[in-house]
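First the structure, in the form of structure tokens, and then the observations on it.
FYI, it's all coordinate maths here, none of it is from the lab. Bear in mind that the values here come from a model prediction, so they are computed numbers and not experimental data. Cβ: placed from backbone, ideal geometry, glycine included. Neighbour counts: every protein chain shown.
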Amino acid sequence: MRRVALSVAAMVMLMAALPVQARAISKNDQQVCKWGAGMAGAAQQSKLSGTTLYSARKHLQARKFSQPWMRKMAVGITEQTYHSPSRLKPAAVRQTYYQGCIQHDLARK
């Protein structure tokens with residue numbers, strides 16, 4: 001019984017701390033997560049539509065990006081998406097990527 005009370009208390013404390021942690025993410029980190037989620041969703045859409053990885057990579061190489069790191073990251077996200085056996089809808093992939101990115105940023109801080 002005591003363990004149950006402790007685990008319930010721990011859960012309550014964890015739930016109370018989540019909103020505080022969520023505010024600790026900078027606007028820039030949120031934008032990067034949104035951008036990456038968009039790339040993952042677009043890659044999943046391409047994969048499900050039958051576009052080859054080669055063609056998707058070629059399209060990304062021709063695209064203009066505002067930051068130098070974006071091209072390499074976009075290609076990496078696309079390759080990971082194509083190598084995944086997932087058949088989820090692009091919106092679900094986008095949401096999953098965004099949540100994972102936010103959790104990673106929270107854990108990093």
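The set of residues in the range 64-84 that are of a type in the set (S, T, N, Q) and within 19 Å of the chain's Cα centre (by Cα) comprises Q67, T78, Q80, T81, S84. Exactly one residue out of R87, R57, R94 is in contact (Cβ under 8 Å) with a residue 12 or more places away in the chain, among the charged types (D, E, K, R) and part of a loop (DSSP other than H, G, I, E, B): that is R87.
Restricting attention to the range 47-63 and to residues that are surrounded by 14 or more Cβ atoms within 10 Å (Cβ to Cβ) and among the basic types (K, R), the residue that is farthest from the chain's Cα centre (by Cα) turns out to be R57.
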